[in-house]
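The values are calculated or read from the model by the stated rules, or taken from the named source; none is laboratory data. Computed from a predicted model, the values in this text were never measured in an experiment. Cβ atoms come from the backbone with ideal geometry, glycine included; neighbour counts cover every protein chain shown.
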There are 2 protein chains.
Amino acid sequence: MTDFLNQIKYEGITSRLKRLSDVLLYSTKDLYRAEGLIIEPNWNLIFRLLQEKGEMTITEMSETLQFSHPAVVKIVNKMKAEGYITAAIDSKDKRKQVLSLTQKALQDIPKYEVYWNAGIRVIEEIFEDSPNILEELSKIELKVKELDYKQRVLLKIK
Amino acid sequence: MTDFLNQIKYEGITSRLKRLSDVLLYSTKDLYRAEGLIIEPNWNLIFRLLQEKGEMTITEMSETLQFSHPAVVKIVNKMKAEGYITAAIDSKDKRKQVLSLTQKALQDIPKYEVYWNAGIRVIEEIFEDSPNILEELSKIELKVKELDYKQRVLLKIK
DNA sequence: ATATTTTATGTAACTGGTTACGCAAATGTA
DNA sequence: TACATTTGCGTAACCAGTTACATAAAATAT
């Protein structure tokens, strides 16, 4: 943190949040590469989701993870290419892809879980001075969902 | 927030931070576009920096804002193209660009400040249940700087 | 004085996300 | 039954960042 960023307070918070998530993201990629793991950030979310639910469609995933659907399409396509996900057409609705984990996924997940679990402990460690961060984040997400940033700014001005 | 994201707790925090900063970013762009303002997110940081310091180089800016230098180059080039920044070669060091605000910048800033200040009040409003967020963010940034995420994960595993 | 290393900056390629658009299948309605 | 609307999802173009690499100038060391 530089003096300037401290001084401008809330004005710099958006880019600092972006930078923090970027730092974690690139460091995660670096970790996987260095350890020779053929996975990418966010795949753990999909793996866990499918482990829990068994089968899911793109739209269900995007709603559950709060990602845009094209983002989910990209992630899922990479995971298919790596042989971790298979797709079947829904018998009642031909538009839907029913996605599920492959045998290879079930085989490899335990190896990856070592890293994911260590990662969670590191996050807990890094955020230890912010013990309520998850509840606070939920409140913030709710607020911007109820009335977005742009509308709030316009309300303040008019 | 979905049940699933609540349930996985710290495992989803990186992508939630990314999403939050994205939401704020795109909403800011949307605001500027809707109001016909010919500026972009982050320009306010550069404007404020140059107002305070008068002159700065690319490298000084990237250190102060904690952005990579190519990121600063991109932002500054756009601001030059819009006529808000001029560059002069440093007399002692020909590699350096000494950047400063143009007359047009000084003229237009008051108009933009209305939006930036309203934006700050909105951020305060959105983060009102996280009153210590700035101090907490500083601590987190310091921690990942001291020892990055990847190294911390490897330490936990070995 | 010359060779080496460091610094300032620019450029290219890539990242995980987004919005915008298109299309076909399913659903609702006249 | 026909037509209009909604839904699922694929693709393209874009976005603000990043890392990796190149180059020239400055600083340092020999």
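Name, by its number, the condition in (1) part of a helix (DSSP H, G or I); (2) within 13 Å of DNA strand D (Cβ to nearest atom) that does not hold for B:E52.
(2)
Could you identify the single residue in B:D30, B:D90 that is outside the structural domain of B:G119 (by TED's automatic domain parsing), in contact with a Lys or Arg (Cβ under 7 Å, 6 or more places away or on another chain) and within 13 Å of DNA strand C (Cβ to nearest atom)?
Working: B:D90 fails: outside the structural domain of B:G119 (by TED's automatic domain parsing).
Answer to the check: B:D30.
Considering each of A:K104, A:K74, A:K111 in turn, give the residue that is part of a helix (DSSP H, G or I), within 15 Å of DNA strand C (Cβ to nearest atom) and farther than 21 Å from B:D3 by Cβ.
After applying the criteria, what remains is A:K74.
Those residues that are surrounded by 13 or more Cβ atoms within 10 Å (Cβ to Cβ), among the aliphatic types (A, V, I, L, M) and within 8 Å of chain A (Cβ to nearest Cβ), I need them from region B:30-72; list them, please.
Correct list: B:L31, B:L45, B:L49, B:L65.
Run A:R16 past the list (1) under 14 Å from the mean Cα position of the chain (by Cα); (2) basic (K, R); (3) within 7 Å of chain B (Cβ to nearest Cβ) and report the number of the one that doesn't hold.
Condition not satisfied by A:R16: (1).
Consider region A:61-85. How many of its residues are farther than 17 Å from A:T102 by Cα, touching a Leu at 6+ places or on another chain (Cβ under 9 Å) and of a type in the set (D, E, K, R)?
Residues meeting the conditions: 0.
Determine whether region B:129-141 contains at least one residue that is within 16 Å of DNA strand C (Cβ to nearest atom) and assigned to a loop (DSSP other than H, G, I, E, B).
no
Those residues that are more than 7 Å from chain B (Cβ to nearest Cβ) and in contact with a Leu (Cβ under 8 Å, 6 or more places away or on another chain), I need them from region A:112-132; list them, please.
Listed by number, the list holds a single entry, A:Y112.
Looking at B:K80, is it farther than 30 Å from A:R48 by Cβ, free of Cβ contacts under 8 Å to residues at least 12 places away in the same chain, within 14 Å of DNA strand C (Cβ to nearest atom) and in a loop (DSSP other than H, G, I, E, B)? Steps first, answer last, please.
Numbers: farther than 30 Å from A:R48 by Cβ: yes; free of Cβ contacts under 8 Å to residues at least 12 places away in the same chain: yes; within 14 Å of DNA strand C (Cβ to nearest atom): yes; in a loop (DSSP other than H, G, I, E, B): no.
Criteria not met by B:K80.
Does region B:83-91 include one or more residues that are among the aromatic types (F, W, Y), surrounded by 13 or more Cβ atoms within 10 Å (Cβ to Cβ) and within 7 Å of chain A (Cβ to nearest Cβ)?
no
Could you tell me how many of the residues in region B:20-29 are more than 7 Å from every other protein chain (Cβ to nearest Cβ) and more than 18 Å from B:V114 (Cα to Cα)?
Of the residues in region B:20-29, 2 are more than 7 Å from every other protein chain (Cβ to nearest Cβ) and more than 18 Å from B:V114 (Cα to Cα).
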